[in-house]
Each structure stands twice: as C-alpha cells, then as structure tokens.
Amino acid sequence: MKLWKAPTSGAINSALSIPGSKSLTNRYLIVAALGTQPLRINAPLHARDTELMVEALRTLGLRVDDDGEAWIIYPATDGKNPAFSTGHIDAGLAGTVMRFIPGLAAHAQGVVTIDGDEAARVRPMGTVVNALRDLGVRIDAPELNGQPVLPLTIHGAGQLAGGVVEIDASASSQFVSALLLSAPLMKNGLDLHHIGARVPSTPHIRMTVELLREAGITVSQYDAAGNEVFEGPAVRWVVQPGRSQLTEVTVEADLSNAGPYMAAAMVTGGTVTIRNWPLKTTQPGDQLRNIFTAMGGHVSLAGTDPHVRDLTLHGPEELLSLDLDMADVGELVPTVAAVCAFASGTSYLRNIGQLRGHETNRLAALVTEFAKLGVEAAEVGDDLVITPRGELQSAVLASYEDHRMATFGAIIGLRVPGVEVENIETTAKTMPTFTKLWALMLGQGRP
C-alpha cells in the first residue's frame, strides 16, 4: 500500500477556493434526467463519484457534453416521457450512484444491472430495493444479513404507476432522496412515508426537496402529526408527477470538503479563508462554522456579493472539547474528530450510528486509528467519545478506501510528526485536488 507522508505545520495562513459540491452535482445530474430539455451545470465537481454518475446517465441513454466549464446534459426522452436505455452501470463506492440510479433504471424498458467496488457490496440497499419492489419493480439481488445488496438486476418495464410506499430510512437519508428524485417520473407521483426511527442527515433531504422545487416539481412535506412543514423534520413527502424545467444551474463550493482545510486552521492555531462560501445553502458542511466556533475558533465573513462571501476561520490558542448531536451532519464526523484529538478535554460526538454504513464503518475505523495515535476513543451506543491523553504518537493511518478517513489522517499529521496515510489517492472519490490544495495551503505548491 502506497504511503503518503503527512506534512506537519506551524500556524497556517492561507486562502483557498474549494471545488464544487458532490452532493449538489450528483443531484443536478439526476434532475437533468427528469427534464425534456438540456441542462447546463456550471462548475460541476470533477471527481470519481460524479464521473460515475455521468457514466451511469450515459448508459441510460443521456448525452453528456463537457465544454471545460460546464456539463451539458441532454435527457433521454421521447419529448414527453423518459426513454431510458439499458446496460451495466458501475457505482464504484458512490452511495448516491448506487441508491439514486435504481429509481431511474426502473423506468427503462429492459434490464439494467448495477454493481460497484467490493466494499460497495456490503452497503445497505434494502430500503430502496424493497420500496421499488413494493411499487411493482422486479429486482434481483443477493442478500447479506437478510437485506438486498449489490449487484442489482433491475427489470424495467417503463413508467411506474407510483402511489403510496412506506420505508424505514433510519440508516441513511439517501434512501429518502433516492425515491424523491425518481418520483416525478411516476404516473401518479409518490406518497412516501418514513416509519422508522429518526432519519439522519436531514439537510440532505432538504437539499433534494429544494432542488426538485427549483426544477418546478411540486413537493409537500408533513410531520408526524400530519402538519405540513417547509424546512423542519418530516416523515412524509408527497411528490407530484412532472418534468424538470431547469436549463442552467451553478454548483456551490463543497463545504464538507472545505472541512479539512478549516480543521487545519483549528489544530495549528492559524488562519484559513475559504472563498465563495454561500450565504444560503442546504449543505450540511455549513455547520462547520458553528462547530469550530464552539471549539474556540473565530469566524468572519467578507465581501459584498449577495450570494457568497469569503469565510475566514481563525484557530484558537486552546481547542475546547465538544459535546454535540451530529445526527444531521454525520459526514463531518471524521474531520471534527481529528480536531477533537487536540482538545483540552473529552469530546462527545452523539447520535452517529449511521456512520457504520458509510464507505467503511467509520465509527470502528476512528476508534482503531485513534488507538494507534494514543488517543482514547470508544463507541458508546451510537456516540463517539474521544479523550486525548497528552502528546499523540506517530503512526501509519489506514484510509479504508474512504476519503473522509484519508483526510482525517492529513489533519492529524499537521501536529504529529511522522504520520503516514495509506492510499491518500482515495480522496479522488470526491476531491481529486486534495493533496495539491493541501500543499498550496502549506505554501508548498503553486496555484
């Protein structure tokens, strides 16, 4: 396994531009398949997850052009209804591909197969597969612990009727988004009910709903008491049939991918500016400014643009410990956990059991890697408890083929000499330029 020597640093002083959001890019790509006219996506993220989504759409018969600044997607349609092709789709390790594409593939006329990396074949798929089966789709799939997993063989039979379906999305918000994104293609739309425990990462559901509404699709949300809600937690979503009216969009910077660079300011007591931070966003990464402020950092915004500002984070002299419910922002946990390793006391990152079903079991991975460093960490139910024990020791940190675990190691290395990270290249999943930007931040590279 190739090792990357994580550079150490004193107080950082840097300004950076972060590439586009993976979550937004892949949702806009799916929305393009809902339309009858081309959609231009400006500033998309070019990374493994988004390129796998592009190839998936091409397999389904969409045309995707790249003019260097944007992707232009031409939908597969007969002018009124989708006319998806059949074939084999590689989902890699991308949850958005393996979970969002089946709903589109179900509307094809014929067989679509979906497979991915070896690690993808253990990721939960049952909620999406069983919901589509309840809607009348024939899907063949192996089972693991009694639940369907990749590879999937989807026998499309044209337009789904839609209707009412119940799911348990307590393992991942992607299950809700997956069904909402294909719902506009259904003849009668979709009345989706969540019947399980709390849904994690609800900002991603809000992102999906707002994108559909931006595209002209009618979506209503209701709480457990049956009251319509517009931004709060929901357990029922009603999507009306329709076709996307979007013709041009611009992707925001990926705020979760900004996290490691902001963490660098925190752990070195330095200053990092993230250019073009959106003032209004559904991205969970927007919570980083509140999280790092709670840990002693100071955030300021500069600029006059009505939509974006330059966000500057000043790291503190002393990092404060954190006690936070992170159910809605689980993707930020590895980054925040790395900062907690240098805090002045015990930190509690709560209600993050869903991390066991991410690219790897991130809870177990974090506990294992912290042990190598001499940090006391434990899973307590669905919480992660982190207690620093003096100076950290150098170690070879595993990435688990998981981009967030790779960047976790890079953050640790800023303060701990001799840290090496296995397969830093796995960051290409969502940010191929990670190491280049890391070097630029440290003054070791060229723009």
Notebook entry, point to check: When the dipole is taken about the Cα centre of the range 195-268, and only Lys, Arg (+1) and Asp, Glu (-1) are charged at their Cβ, what size is it in debye, to the nearest 20?
Noted result: 260
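Here is the link list: Lys187/Lys429; Lys372/Lys436; Lys280/Lys429. Which ones come out longer than 29 Å on Cα distance?
As for pairs spanning more than 29 Å Cα to Cα, those are Lys187/Lys429.
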Checklist line | Sparsely packed GluC sites (Glu not before Pro) within the range 372-411, loop by DSSP, other Cβ within 10 Å at most 11 | finding: Glu391
Margin query: Over the chain, what is the relative contact order in percent, taking alpha-carbon pairs closer than 8 angstrom and at least six residues apart?
Written below: 17
Item checked: Mean accessible surface per residue for the chain, computed with a 1.4 Å probe while every protein chain stays in place, in Å² -> 37
Item checked: Calculated on alpha-carbon atoms, Rg and Dmax of the chain in Å -> 21.5, 65
Check: Can you work out the FRET efficiency for the pair Ala225 and Lys5, with r the C-beta to C-beta distance and R0 = 51 Å, to the nearest 0.05?
Finding: 0.40
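If you count, for each residue, the other Cβ atoms within 10 Å and average over each peptide, how do 211-220, 314-323, 282-291 line up from highest to lowest?
Working: 211-220: 18.3, 314-323: 16.5, 282-291: 21.2.
Order by mean packing, descending: 282-291, 211-220, 314-323.
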Next item on the list: Using the Cα centre as the reference, give the magnitude of the dipole from point charges on the C-beta atoms of the range 215-350 (Lys, Arg: +1; Asp, Glu: -1; all else neutral), rounded to the nearest 20 debye.
Entry: 160
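Within the accessible area of the range 212-281, what % is carbon and sulfur when the probe is 1.4 Å and the other protein chains stay in place?
On the way: 1240 of 2760 Å².
Reported share for carbon and sulfur atoms: 45 percent.
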Note to self: Could you work out what % of the accessible surface of the range 47-121 is carbon and sulfur, using a 1.4 angstrom probe and leaving DNA, RNA and ligands out of the count?
What the structure shows: 43
Next item on the list: Evaluate the Kirkwood expression for the hydrodynamic radius of the range 190-295, namely the inverse of the mean inverse distance over all pairs of different C-alpha atoms, and round to one decimal in Å.
Entry: 16.2
Next item on the list: Classify the range 42-102 as rounded, prolate or oblate from the Cα gyration tensor: take a ≥ b ≥ c as the square roots of its eigenvalues, call it rounded if a/c is under 1.5, otherwise prolate when a/b beats b/c and oblate if not.
Entry: oblate
Next item on the list: For the chain, give the magnitude of the charge dipole about the Cα centre (Cβ charges: +1 Lys/Arg, -1 Asp/Glu; no others), in debye to the nearest 20.
Entry: 440
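So which trypsin sites (Lys or Arg not before Pro) in the range 1-107 pass both tests, a DSSP loop state and at most 16 other Cβ atoms within 10 Å of the Cβ? Display every interim value, and only then the final one.
Details: sites: Lys2, Lys5, Lys22, Arg27, Arg40, Arg48, Arg58, Arg63, Lys80, Arg99; in loops: Lys2, Lys80.
Those satisfying the criteria are Lys2, Lys80.
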Next item on the list: Per DSSP H run of n ≥ 4, the term is -39500 (n - 2.57); total these for the chain, divide by its residue number, and report the mean residue ellipticity at 222 nm rounded to 500 deg cm²/dmol.
Entry: -8500 deg cm²/dmol
Item checked: Selection of trypsin sites (Lys or Arg not before Pro), the range 349-429, meeting DSSP coil and at most 14 other Cβ within 10 Å -> Arg389
Notebook entry, point to check: Taking the Cα-to-Cβ direction at Val396 and at Thr36 and moving 7 Å from each Cα, how far apart do the two end points lie in nm?
Noted result: 5.9
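The values are calculated or read from the model by the stated rules, or taken from the named source; none is laboratory data. All values reported here derive from a predicted model rather than from experimental measurement. A quick note on method: Cβ atoms are made from the backbone with ideal geometry, for glycine too, and the neighbour counts reach across all protein chains shown. Areas reflect the complete protein model, heavy atoms only, side chains present, ligands, DNA and RNA absent. Shrake-Rupley method; radii C 1.70, N 1.55, O 1.52, S 1.80 Å.
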